[in-house]
Amino acid sequence: MSDRKDLIVGNWKMNTTHLEAIQMVQKLFYRLAATDHERVEVVVGPPFTSLRSIQTVIEADNMPIGLAAQNVYWESEGAFTGEVSPPMLAALHVNHVIVGHSERRAYFGETEETVNKRVKATLAHEMKPILCVGETLDQREADQTEEVLVTQVSGGLQGVTPEDVAASAIAYEPVWAIGTGRHADADTAGVGCGLVRSTVAGSHGEEAAAGIRILYGGSVNAGNIKDFMAKRDIDGALVGGASLDPDTFAAVVRYWV
Ligand code: 13P
């Protein structure tokens, strides 16, 4: 057992109006009533349009639920139509920012360079990045998994101090396991997360590698979470589809119950 606290993050992707989001977080709060929050940190990542509403609800009821944004731009302000800046998110008490999700890499042209800029901008504004990495099916079948993970981990964290790396999180999300119902088996996920940690050890040192939390993502649900969490290098999960139902997400969070 490490002293890293479990981190379970719900990535709601492009789902929910702000009215639906409010209901979801309220339901989740009730479902988590008996949860040991010393053991697990719970975070929800709604669309930008719901951040303000959820922040208000969380703070009004003092809910032990953190807030994540799904993306961020690296400049603080200016003529960047349609973008959202780090200070805007920090002002909403956003704690974490999901950076470089494979959907953003595949559909919105994210590169190692832009992912790295977003990671650094997030940290510069006292928020924690959740850097997403993972290979496609083609890359796995071509035996390129290790190369892809090393490139994405070291590229994403380039120029970040070891202290900041230790406070960050990386989500290993094999692209072929996302939204497919075809999750990686726990051994494969554990090996991938171990590779991520050893890459961090190589680039930023053992202390950074011992501190950073590494999450598995890809078709995580209430039935398989326990197997993932049993792996030494898996500290939590980045949950897509199963985070949209508060009952299911609460069961994922309370995986040991
Ligand atoms: P699913 O849990 O729906 O497979 O999505 C995983 C994911 O992309 C989380 O960021």
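The values are calculated or read from the model by the stated rules, or taken from the named source; none is laboratory data. None of these values were measured; they are calculated from a predicted model. Quick reminder, even Gly has a Cβ in these numbers, built from the backbone with ideal geometry, and neighbours come from all protein chains shown. What goes into the accessible areas is simple: the full protein's heavy atoms, side chains included, and nothing from ligands, DNA or RNA. Shrake-Rupley method; radii C 1.70, N 1.55, O 1.52, S 1.80 Å.
Listing for the model above:
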item	result
Residues within segment 77-112 that are in contact (Cβ under 8 Å) with a residue 40 or more places away in the chain and more than 14 Å from the chain's Cα centre (by Cα), tallied	4
Of the criteria (1) modelled with pLDDT of 95 or more; (2) surrounded by fewer than 18 Cβ atoms within 10 Å (Cβ to Cβ); (3) closer than 25 Å to residue 118 by Cβ, which one residue 179 fails	(1)
Of all residues in segment 229-242 being within 19 Å of residue 181 (Cβ to Cβ) and of a type in the set (A, V, I, L, M), the one that is surrounded by the fewest Cβ atoms within 10 Å (Cβ to Cβ)	242
Every residue from segment 213-242 that is part of a loop (DSSP other than H, G, I, E, B) and either without any contact (Cβ under 8 Å) to a residue 24 or more places away in the chain or within 14 Å of the ligand (Cβ to nearest atom) (or both)	218, 219, 220, 221, 222, 223, 224, 240
Index of the failed condition, residue 85 passing every other in (1) under 29 Å from residue 212 (Cβ atoms); (2) surrounded by fewer than 12 Cβ atoms within 10 Å (Cβ to Cβ)	(2)
Pick from segment 182-202, criterion open to solvent by 60 Å² or more (accessible area, probe 1.4 Å) and over 18 Å from residue 8 (Cα atoms), ranking: nearest to the ligand (Cβ to nearest atom)	182
So residue 226, is it in contact with a Cys (Cβ under 8 Å, 6 or more places away or on another chain) and surrounded by fewer than 20 Cβ atoms within 10 Å (Cβ to Cβ)	no
Residue count, segment 104-134 (criterion: open to solvent by 50 Å² or more (accessible area, probe 1.4 Å) and within 15 Å of the ligand (Cβ to nearest atom))	4
In segment 52-66, the residues that are assigned to a helix (DSSP H, G or I) and either among the hydroxyl-bearing types (Ser, Thr, Tyr) or open to solvent by 60 Å² or more (accessible area, probe 1.4 Å) (or both)	52, 53, 56, 59, 60
Yes/no for residue 144 being polar (S, T, N, Q), open to solvent by 60 Å² or more (accessible area, probe 1.4 Å) and free of Cβ contacts under 8 Å to residues at least 12 places away in the same chain	yes
Scan of segment 243-257 for residues that are open to solvent by 20 Å² or more (accessible area, probe 1.4 Å) and within 15 Å of the ligand (Cβ to nearest atom), ordered by number	244, 245, 248, 251, 255
Residue match in segment 9-16 (condition: within 16 Å of the ligand (Cβ to nearest atom), open to solvent by 80 Å² or more (accessible area, probe 1.4 Å) and assigned to a loop (DSSP other than H, G, I, E, B))	yes
Sole exception among (1) away from the ligand (no atom under 16 Å from the Cβ); (2) within 23 Å of residue 7 (Cβ to Cβ) for residue 143, by number	(2)
Residue 72, sole failed condition from (1) in contact with a Ser or Thr (Cβ under 9 Å, 6 or more places away or on another chain); (2) outside any helix (DSSP H, G or I); (3) open to solvent by 60 Å² or more (accessible area, probe 1.4 Å)	(3)
Residues satisfying the stated conditions in segment 31-51, i.e. surrounded by fewer than 19 Cβ atoms within 10 Å (Cβ to Cβ), touching a helix residue (DSSP H, G or I) at 6+ places or on another chain (Cβ under 8 Å) and either farther than 20 Å from residue 240 by Cα or polar (S, T, N, Q) (or both)	35, 49
